[in-house]
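Written below as structure tokens is the structure these notes are about.
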Amino acid sequence: MRRRFSVSQVLYHIFGENEGEDTKQHSNSDEQVSEEEDNVEYHPEDTDTSDESDEEVTGAEAAPAERFKSKNGVIENVKLIHKPVSLQPRGLINKGNWCYINATLQALIACPPMYHLMKSIPVFTETERPCTSTPMLDSFVRLVNEFSNMPVPSKAKQQGGDKVVKDIRPGSAFEPTYIYKLLTVIKSSLSEKGRQEDAEEYLGFILNGLHEEMLALKRLVLPKEDNGFVLNGPEPSQVGVEEEMLEEGGSDDEWEQVGPRNKSSITRQADFIRTPITDIFGGHIRSVVYQQSSKESATLQPFFSLQLDIQSEKIRTVQDALESLVARESVQGYTTKSKQEIEISRRVTLEELPPVLVLHLKRFVYEKSGGCQKLIKNIEYPVDLEISKVVYHHGNSATGGHYTTDVFHIGLNGWLRIDDQLVKVIGQHQVVKQTAERTVYLLYYRRVDLL
């Protein structure tokens, strides 16, 4: 049974039970990382072992399928590992306006369940597998193996808050050209010629691509079944009035749900097959349309990043943006097929939160004339136990600029600022400090109930 979340519950998952009191700082007390963690496996749930697990797999597609097999099961039963890992930081060389990619890669590497998942998959070189049906997965497995573990200092050497260790030694910077080449290998609206692009759009490209490749692998190793239409994540325009839903009526995947006060609603959901990527980053929103003298009509929509509109002058904090997202609003000028104008309203609620919640502050506003402007304003966000990555956009233009990432490092118990190949230690106060030239764009939060 799905669980809906109010704004206060969302803030609990992000910030903890008491946001203003006894705010927990990043702590290693129960998150010590051993030197053996570099060899951690992605453990599936225990299942009966059969002779089938040892059978030889043949055929052109056997190799990618085997990578997701184990002695005790397949990816359908895997269990995510959320334990933080201390990695030696490495900068990424930028020779072609790849900052939007580099900033995204550093944020993803710093997500523990993402790191552990990719680390568990065997590495295949181009010589071993000159042709592959999973180029994106292969590239990300190779990427995580570019990073090595570093020891976590003892508690006596750790200092929280703004007192940070300053003698970190990053590994040598490298250029992940195999990641950049994915824009050529996989069809994408993003440029493959090194033009500046959007970091949030690239994040969606990566997560959707990995999700789709894992779906293909699941079809190889799982019994053949009906694979319906898979909606990977809603575009911003989809979080609106479900006009087609109201007009057409009926769906193959809908049910009547009885809510508070015995009020019923018709709920629709697109077919959605889960993968480890959706288990890490995927959430669901419920978009409800209210029409006079009709049952409520709701649609469940998946997302990888939660889109937050920050245009209103009243929105100054992340909490303001979340409250605005779930506020009920009237929709003007809606007419039926018979051209009769009717009164309807809409409300979005949060149905399911992922372990890693990515908040996208929508800074690039499209104008009626067709142009695009950057919305320059400071949005306050708390830095506490659950925030672990911040991606910034630098500059005043919506068509250019620069991207950097701040990452909380478990080995330092402090923050790193990563600007392409440059890596430096910063204080916590520098993470929340924004300027007109440097504004927060993406926020990565971890769910407190999984820590």
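The values are calculated or read from the model by the stated rules, or taken from the named source; none is laboratory data. As the structure is a computational prediction, the values presented were derived from the model and not from experiment. Cβ placement follows ideal geometry from the backbone for every residue including glycine, while neighbour counts extend to all protein chains displayed. Quick note on the areas: whole protein, heavy atoms, side chains included, nothing else; ligands and nucleic acids left out. Shrake-Rupley method; radii C 1.70, N 1.55, O 1.52, S 1.80 Å.
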Fill in: Failed criterion for GLU313 (all others in (1) part of a loop (DSSP other than H, G, I, E, B); (2) crowded, with 17+ Cβ neighbours inside 10 Å hold)
(2)
Worksheet item: If we scan region 326-338, do we find a residue that is surrounded by 20 or more Cβ atoms within 10 Å (Cβ to Cβ) and assigned to a strand (DSSP E or B)?
Response: no
Fill in: Looking only at region 394-451, and only at residues there that are assigned to a helix (DSSP H, G or I) and under 24 Å from ALA321 (Cα atoms), the one that is least open to solvent (accessible area, probe 1.4 Å)
VAL431
Response to the item:
Taking region 371-384 and keeping residues buried (at least 18 other Cβ atoms within 10 Å of the Cβ) and either farther than 23 Å from LYS314 by Cα or aromatic (Phe, Trp, Tyr) (or both) leaves TYR381
Response to the item:
TYR366 passes all but one of the listed conditions (1) touching a residue at least 60 places away in the same chain (Cβ under 8 Å); (2) farther than 25 Å from MET150 by Cβ; (3) loosely packed, with under 15 Cβ neighbours inside 10 Å; the exception is number (1)
Discussion item. Whether any residue in region 432-451 is over 27 Å from GLY283 (Cβ atoms), modelled with pLDDT of 95 or more and of a type in the set (Val, Ile, Thr) is what I want to check.
Written reply: no
Worksheet item: Quick one: which of LEU210, LEU190 is modelled with pLDDT under 90 and not charged (D, E, K, R)?
Response: LEU190
Worksheet, complete the sentence: The correct count of residues that are under 28 Å from ILE81 (Cβ atoms) and in a strand (DSSP E or B) in region 281-300 is 4
